[in-house]
1. Taking Arg88 and the conditions (1) at pLDDT 90 or above; (2) part of a loop (DSSP other than H, G, I, E, B); (3) within 26 Å of the chain's Cα centre (by Cα), which numbered condition does it fall short on, given that it satisfies the others?
2. Report, by residue number, each residue of the range 59-85 that is part of a loop (DSSP other than H, G, I, E, B) and of a type in the set (D, E, K, R).
3. Write out, first by first residue and then by second, each pair whose Cβ atoms fall under 6 Å of each other, whose residues are 6+ apart or on separate chains, and whose first residue, in the range 100-122, is modelled with pLDDT under 85 and surrounded by 10 or more Cβ atoms within 10 Å (Cβ to Cβ) while the second is assigned to a loop (DSSP other than H, G, I, E, B) and not aromatic (Phe, Trp, Tyr).
4. Please find, among Thr40, Thr56, the residue that is in a strand (DSSP E or B) and either touching a residue at least 24 places away in the same chain (Cβ under 8 Å) or among the hydroxyl-bearing types (Ser, Thr, Tyr) (or both).
5. Which condition number in (1) surrounded by 11 or more Cβ atoms within 10 Å (Cβ to Cβ); (2) more than 30 Å from Val15 (Cα to Cα); (3) out of contact with any Asp or Glu (no Cβ under 7 Å at 6 or more places or on another chain) is the one that Lys42 fails?
6. Every residue in the range 91-118 that is of a type in the set (A, V, I, L, M) and not in a loop (DSSP other than H, G, I, E, B), please.
7. Is there a residue in the range 72-94 that is within 30 Å of Pro21 (Cα to Cα) and either in contact with a strand residue (DSSP E or B) (Cβ under 7 Å, 6 or more places away or on another chain) or of a type in the set (Val, Ile, Thr) (or both)?
Amino acid sequence: METTDTYGATVTPAVPDTYNPNLLVTYKVIKGYSDPEYATDKVASIEWDLHNARQTQKSNAILHDKIDSVKNIITESFADSDDQETLRDIAEALGIELTKTVEWTATIEVSGTIELDILQEYDVESELYDNLYVDSQNGQIEIVDTEVTSAREC
């Protein structure tokens, strides 16, 4: 690649001397988890494929943003709408699940047993405060915070 000296700065051309848009390149085509295939294309063709993929990616991002906006509009207006059937149809056409996030609080009383060394001083209350936790067996329930408010030995 040729460089030139211009006013004390070195300038390198953007296109290398060895660039050949008609060069044939063999590359691996990955299709999921199946065995890869190999294809041969001209550099110019690969460049256009990459350009088109970038444009498609941009378009997809814009469309996803628009679908998210429509989802917000539908979920916010669904309960008060006189035309819920149409909103349902729009949601179905765009692959939108009609769900909403509900904040909740619950009081749970738990009882159980714990094995403690009787030769050492123990504090059941501290043991429970430090080691008792809540978990969900349903992927739709998110546990944000837990707090043990009362613990005692029976």
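The values are calculated or read from the model by the stated rules, or taken from the named source; none is laboratory data. Remember, predicted model here, so these are calculated numbers, not experimental data. FYI the Cβ positions are ideal-geometry reconstructions off the backbone, even for glycines, and counts take in every protein chain you see.
1. The one condition Arg88 does not meet is (2).
2. If we filter the range 59-85 for residues that are part of a loop (DSSP other than H, G, I, E, B), which is where we start, we get 78-83.
Residues satisfying the conditions are Asp80, Asp82, Asp83.
3. Tyr122/Leu116
4. Thr40
5. Single failed check for Lys42: (2).
6. To start, the set of residues in the range 91-118 that are of a type in the set (A, V, I, L, M) comprises 91, 93-94, 96, 98, 102, 106, 108, 110, 114, 116, 118.
Within the range 91-118, Ala91, Ala93 meet the criteria.
7. Scanning the range 72-94, I find no residue that is within 30 Å of Pro21 (Cα to Cα) and either in contact with a strand residue (DSSP E or B) (Cβ under 7 Å, 6 or more places away or on another chain) or of a type in the set (Val, Ile, Thr) (or both), so the answer is no.
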